[in-house]
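The values are calculated or read from the model by the stated rules, or taken from the named source; none is laboratory data. Quick caveat, the model's predicted, so the values are computed rather than measured. FYI the Cβ positions are ideal-geometry reconstructions off the backbone, even for glycines, and counts take in every protein chain you see.
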Amino acid sequence: MKLHLSLFTAMLCISISFAQKPKDTRDISIKEGFDKLYRVSTNYKGYKVINKENFLDLKQQVLDSLKASQNLLVEKNNLLTASNLDTKKNEDLLILTKLTLETSLKKENSISLFGIQLSKFIYNLLLWALISILLVLVIYLSFKFQKNNFLTKKATQNLKNVEHEYEQYRKKALEREQKLRRTLQDEINKQRNS
């Protein structure tokens, strides 16, 4: 039974899918409508006699097509207007994005030093110039220190030599003075004894 029911359902689906829809009279084009009206109309003394019902159907078809075309035109115009507005918004957004990008690139390529915006090249140049000046100053002060240290050691050595010579001179002078006093005392003693 289930087999018969599934077979019947399958046959019904196949027959429905292959069935043709009846052609709607409104689906034909306006040109085809006029051609059909011309063919079915009769002749009378060189004139074509049109059936009133066929004429009204064609008139309605033309008016419907015209209204559909107008609606389509209005819809397309609305779509075009919306598209133009979107394009304008996108252009404004693009301009804003470009300005933001330009500002960001300026900020990225510059460094603020004491509130002054400097490009990275100038900042690097200034920094390396300052480092070079400080390096030259350190080297100069180092040489100056070594020279002054050498002079100080030399002066200290000279002072020690002078103090040593002075001490020797003082001793010699003291010895001479003592010798002279002895000699004087001896002379005084000789003078007293004589």
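Tabulated data
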{"item": "Test for Ile139: is it in a helix (DSSP H, G or I) and either at pLDDT below 95 or touching a Ser or Thr at 6+ places or on another chain (Cβ under 9 Å) (or both)", "result": "no"}
{"item": "Complete set of residues in the stretch 95-136 that are surrounded by 10 or more Cβ atoms within 10 Å (Cβ to Cβ) and part of a loop (DSSP other than H, G, I, E, B)", "result": "Asn109"}
{"item": "Among residues of the stretch 9-39, those that are assigned to a helix (DSSP H, G or I), at pLDDT 55 or above and surrounded by 10 or more Cβ atoms within 10 Å (Cβ to Cβ), counted", "result": "12"}
{"item": "Check on Lys76, in the same structural domain as Lys31 (by TED's automatic domain parsing), farther than 30 Å from Ser29 by Cβ and either loosely packed, with under 10 Cβ neighbours inside 10 Å or of a type in the set (D, E, K, R) (or both)", "result": "no"}
